Amino acid sequence: MKKIASFSVNHDLVTRGMFISRIDGDVVTYDIRMKTPNGGDYLSNAGIHTFEHLFATYARNSEDGEKIIYVGPMGCRTGFYFLVRDTLSHEKALSLMQKTLDFIADYEGEIPGCARIECGNYLEHSLHDAKEMAREMREVLRTWTPEQMTYRESELV
């Protein structure tokens, strides 16, 4: 079988940040790398779950909400996939990610979609963990630029 794009990145060299993973027609996939791959420190399941609810809710309610296709965690628990229409520039996608991290880091209140009838695992949430994840990642992306969003040649397998 053909190797998929996610497995074409040398995970021993990848750092935290926001990277363009692939572009398929009018869909851009970003890797939001929140933890260093194979670093021994991974995102908690409960934190990932809450972060996903807040990320998806905020992004889809933004002024560019109709351009958001998917927000979801990486199975390795080092970050998230963020899929958008290519009508959302890399600059605007980065800005939206930065605003999303601010929103999650400062969020107080009920977790959207957290009721039993709305969520398939409504008991496994951690607002504390999600906020901590957002605080750590917003420091990484605070001065991030679109030029940094491309994986370096040395990071490709």
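Please treat every number below as a calculation from the coordinates, not as lab data. The model shown is predicted, which means the values in this text are computed figures rather than measured ones. Heads up, the Cβs are rebuilt from the backbone with ideal geometry, glycines too, and the neighbour counts pull from every protein chain shown.
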*Give the calculated FRET efficiency between Thr15 and Lys99 to the nearest 0.05, with a Förster radius of 22 Å applied to their Cβ-Cβ distance.*
0.50
*What are the ³J(HN,Hα) values, in whole Hz, obtained from phi via the Karplus relation 6.51 cos²θ - 1.76 cosθ + 1.60 with θ = phi - 60°, for each residue of the stretch 2-8 in sequence order, with x given for Gly and Pro?*
6, 6, 7, 4, 4, 8, 9
*Determine one quarter of the surface area of the Cα convex hull of the chain, which equals its mean projected area, and express it in nm² to one decimal.*
9.9
*So which of Lys3/Lys67; Lys67/Lys92; Lys2/Lys35 end up more than 22 Å apart, counting from Cα to Cα?*
Lys3/Lys67; Lys2/Lys35
*Sorted by Cβ density within 10 Å, fewest first, the residues Met149, Met137, Met1, Met97*: Met1, Met149, Met97, Met137
*Helix-derived [θ] at 222 nm for the chain: sum -39500 (n - 2.57) over DSSP H runs of at least 4, divide by residue count, nearest 500?*
-10000 deg cm²/dmol
*asked:* Give the separation of the Cα centroids, the stretch 40-91 to the stretch 92-130, in Å.
replied: 10
